[in-house]
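Peer 1: This structure is in structure tokens; I'll ask about it shortly.
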Amino acid sequence: MTENLSPIDTAKYVAAKRASEMVEDGMKVGLGTGSTAAWLVKCLGERVANEGLRIVGVPTSSRTAELAREVGIRVVTLDEARWLDMTIDGADEFDPQLNLIKGGGGAHLQEKIVAMASDKLVVITDASKRVDTLGAFPLPLEVIGFGWQATKVLVEEMLIGLSTPGHSSMLRMNGDAPFVTDEGNHILDLQLKSIENPRQLSMVLNQIPGVVENGLFIDICDTVVIGHGDGAVKVLNLSDQQTRPE
């Protein structure tokens, strides 16, 4: 399989395949959004077809739902599933404490809801997403369309108050029109360079009127599966990170 893939796609594939092997028969599984998560859905579809794996999938976006149905995974809503055994998703960045930035694909609101309704969140990624401090990747902020420019001003004033140097915010576009999420909202991408206190920033951002949710996933991720271009895979567990000596 991997002989025809680029190193980056190989890394995504092997991480997704390893994570797919964690899924057991009868599980209810949250299915993430993005290029790495798409590999996961395909790997799970192969297990459904070849092994008779019986799972229920709860997608975090309309495009994930479409792919899951195509590969034979039974799809239900989170309301129908109520609670999940596991969610498997990608990430744009992760730090040594397994905190994440997500939302590069614009689905972090549904992704966070599904992840929080799961016994376990497993993140699949490649080694380039590992950082010492979050923030090099723009932080997505989902905002309602009504008064989004006023919300943007409030966000920027808050960042000044937190003494965030060199920050900027930009409305995400889709061609000539604003990008629209599955919930009909817009996204502001915050260029922060470095986030020294992600927990504080997450709480303050979500208090601003017009903000729906931010892309910081704090104390949510349990396991990160890291794929490499040579086909190697490394698994990081939160318990190991917490007990590791400084």
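Peer 1: How about segment 123-179: which of its residues are β-branched (Val, Ile, Thr) and either at positive phi or part of a strand (DSSP E or B) (or both)?
Peer 2: Hits for segment 123-179 are Val123, Ile124, Thr125, Val143.
Peer 1: Is there any pair linking a residue in segment 218-241 that is assigned to a helix (DSSP H, G or I) to one that is among the acidic types (Asp, Glu), with Cβ under 7 Å and at least six apart or on different chains, and which?
Peer 2: Leu238/Asp222
Peer 1: Filter segment 107-122 for residues that are in a loop (DSSP other than H, G, I, E, B), within 15 Å of the chain's Cα centre (by Cα) and surrounded by fewer than 24 Cβ atoms within 10 Å (Cβ to Cβ) and give the result.
Peer 2: Ala117, Lys120
Peer 1: Kindly indicate which of Arg172, Arg130 is touching a residue at least 40 places away in the same chain (Cβ under 8 Å), farther than 26 Å from Glu66 by Cα and basic (Lys, Arg).
Peer 2: That would be Arg130, the only listed residue that is touching a residue at least 40 places away in the same chain (Cβ under 8 Å), farther than 26 Å from Glu66 by Cα and basic (Lys, Arg).
Peer 1: Regarding segment 71-84, can at least one residue be identified that is touching a Ser or Thr at 6+ places or on another chain (Cβ under 8 Å) and either within 21 Å of Ala16 (Cβ to Cβ) or not assigned by TED's automatic domain parsing to the domain that holds Tyr13 (or both)?
Peer 2: Within segment 71-84 (the criterion being touching a Ser or Thr at 6+ places or on another chain (Cβ under 8 Å) and either within 21 Å of Ala16 (Cβ to Cβ) or not assigned by TED's automatic domain parsing to the domain that holds Tyr13 (or both)), the answer is yes, since at least one residue qualifies.
Every residue, every condition in (1) over 22 Å from Met116 (Cα atoms); (2) in contact with a His (Cβ under 9 Å, 6 or more places away or on another chain); (3) at pLDDT below 95, yes or no:
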site: Leu162; (1), (2), (3): yes, no, yes
site: Asn174; (1), (2), (3): yes, no, no
site: Ser194; (1), (2), (3): yes, no, yes
site: Gly215; (1), (2), (3): no, yes, no
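Peer 1: Condition check: part of a loop (DSSP other than H, G, I, E, B), crowded, with 17+ Cβ neighbours inside 10 Å, hydrophobic (A, V, I, L, M, F, W, C) and touching a residue at least 24 places away in the same chain (Cβ under 8 Å). Does Leu98 satisfy that?
Peer 2: For Leu98, the condition - part of a loop (DSSP other than H, G, I, E, B), crowded, with 17+ Cβ neighbours inside 10 Å, hydrophobic (A, V, I, L, M, F, W, C) and touching a residue at least 24 places away in the same chain (Cβ under 8 Å) - is met.
Peer 1: State which residue pairs qualify: first residue more than 17 Å from Gly104 (Cβ to Cβ) and inside segment 188-201, second residue part of a strand (DSSP E or B) in any location, beta carbons under 7 Å apart, and separation of 6 or more residues or different chains.
Peer 2: What qualifies is Leu201/Leu216.
Peer 1: Filter segment 141-187 for residues that are surrounded by fewer than 16 Cβ atoms within 10 Å (Cβ to Cβ), of a type in the set (A, V, I, L, M, F, W, C) and either under 22 Å from Asp92 (Cα atoms) or within 23 Å of the chain's Cα centre (by Cα) (or both) and give the result.
Peer 2: Across segment 141-187, the qualifying residues are Ile144, Met170, Leu171, Met173, Phe179, Val180.
The values are calculated or read from the model by the stated rules, or taken from the named source; none is laboratory data. Worth saying up front: this structure is predicted, and the values here are computed from it rather than measured. Cβ atoms come from the backbone with ideal geometry, glycine included; neighbour counts cover every protein chain shown.
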